[in-house]
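Participant: Structure provided below as structure tokens; questions to follow.
No lab work stands behind these numbers, since they all come straight from the coordinates. Quantities reported herein were computed from a predicted structural model and do not represent experimental measurements. Counting neighbours? That spans all protein chains shown, and the Cβs are built from the backbone with ideal geometry, glycine included.
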């Protein structure tokens with residue numbers, strides 16, 4: 001860029017300086033094979049060809065002073081002769097053309113550097129780089145840079161009509177850290193005396209606009225914002241994502257906090273992932289801490305745990321004006337999954353501790369696959385060590401319960417080789433133990449519970465044995481009745497004979 005500007009200025013000055021030295025002739029020509037030098041014996045070479053081809057000999061060079069008490073006096077100045085009307089714009093610069101072109105009109109230029117202002121007396125010139133007869137890059141008098149537009153509206157304005165306005169970065173290296181980068185920075189104070197940013201300061205914006213037929217309107221935005229108190233070497237930050245709704249208002253849709261929490265429809269997510277919509281809140285986060293039996297993670301339904309560390313914490317369950325219920329599913333390091341319903345207690349937000357969430361768990365599934373409903377994690381109900389696949393800490397009701405048949409069902413009692421205990425032996429056992437043989441005692445059942453399948457089998461066995469006792473008793477009674485009838489007949493016969 002610097003060499004292009006110097007080339008431009010140098011060519012424009014040749015005519016002025018040489019005309020001051022030679023008073024005769026219309027033009028000045030350098031027809032020999034040497035160079036043209038202005039200034040001292042140590043000239044600054046301006047030669048585009050020499051830059052591309054270092055071995056070439058420059059054809060034009062000049063030297064000018066730099067610095068000093070009046071540095072502007074040592075600079076080269078190019079002036080426009082001016083015009084008589086304010087409405088006429090001024091232009092000057094250098095235009096590069098193909099050798100076959102002869103026209104001097106601007107529309108025929110191939111490329112170059114162009115300085116121009118809106119009128120003869122304006123002191124707000126712009127500078128444009130031109131290629132293929134089109135102003136490609138323009139720097140306005142206000143310092144704004146436009147690519148594809150001569151009237152940049154922003155500090156850097158990229159414009160393309162009829163196609164996408166692409167903005168890309170390419171990086172070619174083998175270092176994993178040296179990728180392309182888009183930098184946004186902010187400090188309080190001034191450039192010479194910067195000050196630390198503060199909590200809540202905006203650091204940068206990416207805005208997305210669409211035209212509504214009258215003007216462009218913002219449809220979405222990505223915002224970087226300070227999220228916490230900065231300290232030496234640390235500026236905590238958050239990212240916010242907004243979109244415009246049907247009413248045209250941009251609202252926060254998603255936020256990533258400095259703690260790494262992601263929130264949708266919430267500006268202050270307290271969980272690793274949280275979705276809010278009054279009582280439709282949905283949360284995902286950590287469940288560490290001893291009061292949750294050293295939990296791992298959780299899913300909350302209108303319940304969010306404040307904090308994600310290993311310490312005990314509190315939970316918030318929002319209210320909708322009428323109810324404030326919810327639920328939690330979480331797991332612990334032992335592999336147990338807990339399902340905790342949270343009963344509504346009123347209309348406003350309720351707060352529970354970790355210990356409350358654990359104690360209110362209605363269903364637990366252990367790492368071994370055992371299920372507990374309404375049970376606790378201690379004593380005989382310890383699910384991991386339990387021999388029961390389902391434990392219920394309370395009453396049950398059902399329209400039907402099917403117990404799968406087990407082997408050795410007591411139909412063997414009716415087989416001829418079965419030895420039926422004598423009633424005398426049964427009576428002796430009852431007198432000694434106060435319960436039937438093979439049936440658990442009351443103390444045992446109170447301590448260990450009742451195995452319904454096994455108990456049904458034992459009860460059926462006792463019923464079948466009782467049936468055999470009754471059959472035997474009936475047989476004995478029948479024989480006794482026959483004997484009694486025979487005796488009665490004998491007595492009747494004797495009485496009849498005695499009466500004769």
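Participant: Given the peptides 176-189, 208-221, 321-334, 343-356, arrange them by the average over their residues of other C-beta atoms within 10 Å, most packed first. Please list the in-between numbers first.
Facilitator: Numbers: 176-189: 8.7, 208-221: 11.1, 321-334: 18.0, 343-356: 14.4.
Ranked by mean Cβ neighbours within 10 Å, highest first: 321-334, 343-356, 208-221, 176-189.
Participant: Label points 7 Å out from Cα along the Cβ direction at residue 426 and residue 470: separation in nm?
Facilitator: 1.1
Participant: Follow-up question, since we're still on this one. If I stretch the segment between residue 273 and residue 92 completely, what's the gain in nm (0.36 nm per residue apart, minus their alpha carbon distance), one decimal?
Facilitator: On the way: separation 181, 0.36 × 181 = 65.16 nm, distance 6.05 nm.
Length gained between residue 273 and residue 92: 59.1 nm.
Participant: Go ahead and run the numbers for FRET between residue 333 and residue 454, Cβ-Cβ distance against an R0 of 56 Å, rounding to 0.05.
Facilitator: On the way: r = 36 Å, r/R0 = 0.63.
With R0 = 56 Å, the Cβ-Cβ based efficiency is 0.95.
Participant: Ok, one more. Taking 51 Å as R0, compute the FRET efficiency from the Cβ-Cβ separation of residue 219 and residue 373 and round it to 0.05.
Facilitator: Values: r = 51 Å, r/R0 = 1.00.
Computed FRET efficiency for residue 219 and residue 373: 0.50.
Participant: Let me ask you something else. When 315, 409 are ordered from fewest to most other Cβ atoms inside 10 Å of their Cβ, what list results?
Facilitator: 409, 315
Participant: Taking the Cα-to-Cβ direction at residue 408 and at residue 186 and moving 7 Å from each Cα, how far apart do the two end points lie in nm?
Facilitator: A separation of 8.0 nm, rounded to one decimal place.
Participant: For a quick protection proxy, order the peptides 415-421, 481-487 by their average other-Cβ count within 10 Å, most packed first. Could you put the intermediate results ahead of the total?
Facilitator: Details: 415-421: 8.4, 481-487: 10.1.
With the highest mean Cβ count within 10 Å placed first, the list reads 481-487, 415-421.
Participant: With each pseudo-label sitting 7 Å past Cα toward Cβ, what's the residue 259-residue 243 distance in nm, one decimal?
Facilitator: Those two pseudo-labels are separated by 2.7 nm.
Participant: In what sequence do 96, 414 fall when counting other Cβ within 10 Å, fewest first? The partial results should precede the final answer.
Facilitator: Working: 96 15, 414 11.
Lowest count first: 414, 96.
Participant: Please work out the FRET efficiency for the pair residue 212 and residue 356, using the Cβ-Cβ distance as r and a Förster radius of 41 Å; give the result to the nearest 0.05. Mind showing how you got there, number by number?
Facilitator: Values: r = 52 Å, r/R0 = 1.26.
The formula returns an efficiency of 0.20 here.
Participant: A further question follows. Once fully extended, how much extra length lies between residue 348 and residue 442, figured as 0.36 nm per residue of separation less the alpha-carbon to alpha-carbon distance? If you can, show how the numbers build up before the last one.
Facilitator: On the way: separation 94, 0.36 × 94 = 33.84 nm, distance 4.97 nm.
Taking 0.36 nm per residue and subtracting the Cα distance, the gain is 28.9 nm.
Participant: Find the centroid of the Cα atoms in the range 275-347 and in the range 176-215, then give the distance between the two in whole Å.
Facilitator: 36
Participant: Distance between Cα centroids, the range 484-500 to the range 421-470: provide it in whole Å.
Facilitator: Each part's Cα centre sits 48 Å from the other's.
Participant: What is the extension gain from residue 163 to residue 387, computed as 0.36 nm multiplied by their sequence separation minus the C-alpha to C-alpha distance, in nm to one decimal?
Facilitator: Numbers: separation 224, 0.36 × 224 = 80.64 nm, distance 7.13 nm.
Length gained, residue 163 through residue 387: 73.5 nm.
Participant: Arranged by the count of other C-beta atoms within 10 angstrom, fewest first, what order do 251, 305 take?
Facilitator: The fewest-first ordering by Cβ neighbours comes to 251, 305.
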